[in-house]
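Undergrad: Just passing along the structure, written as structure tokens.
The values are calculated or read from the model by the stated rules, or taken from the named source; none is laboratory data. What you are looking at is a predicted structure, and each value in this text was computed from that prediction instead of being measured. With ideal geometry, Cβ positions are generated from the backbone for all residues, glycine too; neighbour counts draw on all protein chains shown. Note: areas computed on protein heavy atoms with side chains; ligands, DNA, RNA excluded. Shrake-Rupley method; radii C 1.70, N 1.55, O 1.52, S 1.80 Å.
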Amino acid sequence: MLAMERVKEYSIKTIVFVIAAVLVAISMNNFFIPNNIFSGGFNGVAQLISLFFDSVFGLHVEVGAIIMASNIPLAIAGWIYAGREFTILSFLNNFAASFMQIILPKTTLVTHEPILAGLFGGLLLGISIGLTFKVGFSTGGMDIVAMIVQKTTGKSIGSINMFINVFIVVVAGAFIGWQNAMYTIIGIYATSAAVDAIHTRHQKLTAFIVTTHPDEVIQALQEALVRGITVLPSRGAFTQEPNTTLMMVLSRYELTEMQNLVKSVDKDSFINIVSTIEVSNNFWNEDLQSQIKRERVVAKNQIIDALNIDAEADKIDISKEEKK
């Protein structure tokens, strides 16, 4: 049963991987680039760099090649500071999308309609980001940066992302005209709206988990996520059967992992996710989580060593007794 769940999980990830890469390539090659509209985040920065080389040095550098090159150091940093599976899948997805951008023709699908180009380009990009977040990875770029910052500080990079997008809009306006800059704003807004509709941009979420196997679910969650959990006795109104509701606050990057863990223990559990505006204290960031995990490993090893020493001492005593 568990093997089948794994096959299903990776099949979904593979399908989303391909769809997301194709959508990113289409949004860039058929909407943004041929209409001089800039994407948000690292893709937009790559477009600015390509524009800079073209206008200053007369050298044409593919936007896809710049995106691909910039994601190599990000992948290295993500490998060290963020989750390895998240980083690997995000980098490979970005690599596939960048490769398709390089080899596919850049022809607009909307003629003389830059508003539609910004709108649909942004929607396609947002759909790809939202889908990848939904299954546990991303399209690379700022998403890897966000993951690293979240994992190391527990904070969001909303202000950094906003600064980069404002920078892109201002530079785009200065180089190619303010009208195109406004189309860029439309594209960035459409991307954010699509991501919100599919996934969630909230920094912190509250999960209410209704389960009949609370001890097993709690153990699985605390071993992997190191999050505080409030246990609430509850009862089904229809069945009148007793159950337990677990409440925990977590970051959006832990959402998919939490859902997979709960369903692996109790496939019949009910999970309700709500956005959390603010928490007053005791929300552990990744540094504190890592410290707690290390302390648990050290304590476990000390216990094992102590048990081994006791076992060896018992063997010696038994050996002495046998000799007598």
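Undergrad: Which distance in nm do the two modelled labels at GLU62 and SER234 give, with both placed 7 Å along the Cα-to-Cβ direction?
TA: 5.1 nm
Undergrad: For LYS8, LYS263, give me the order by solvent-accessible area with a 1.4 Å probe, most accessible first, ignoring ligands, DNA and RNA.
TA: From most accessible down to least: LYS8, LYS263.
Undergrad: Separate question: Rounded to two decimals, what is Rg over Rh for region 204-275 when you use alpha-carbon atoms and the Kirkwood radius?
TA: 0.95
Undergrad: Here are some pairs, LYS8/LYS267; LYS13/LYS263; LYS134/LYS267; LYS204/LYS263; which of them have Cα atoms lying more than 23 Å apart in this structure?
TA: Distance filter (> 23 Å) returns an empty set.
Undergrad: May I have the convex hull volume per residue, in Å³, for the Cα set of region 1-52?
TA: 76 Å³
Undergrad: Turning to a different aspect of this structure: Obtain the radius of gyration and the Kirkwood radius of region 1-198 from its C-alpha atoms and give Rg over Rh.
TA: On the Cα set of region 1-198, Rg over Rh gives 0.98.
Undergrad: Report, in debye and to the nearest 20, how large the dipole of region 1-198 comes out about its Cα centre when Lys and Arg carry +1 and Asp and Glu carry -1 on their Cβ.
TA: In total the dipole reaches around 360 debye.
Undergrad: Considering only LEU261, PHE238, ILE273, whose Cα is most displaced toward the positive end of the charge dipole of region 199-275, charges sitting on Cβ of Lys, Arg (+1) and Asp, Glu (-1)?
TA: The Cα lying farthest towards the positive end belongs to ILE273.
Undergrad: If you don't mind, there's one more thing I want to ask. Out of all Cα-Cα pairs in region 38-102, roughly what percent, to the nearest whole number, are more than 18 Å apart?
TA: 40 percent
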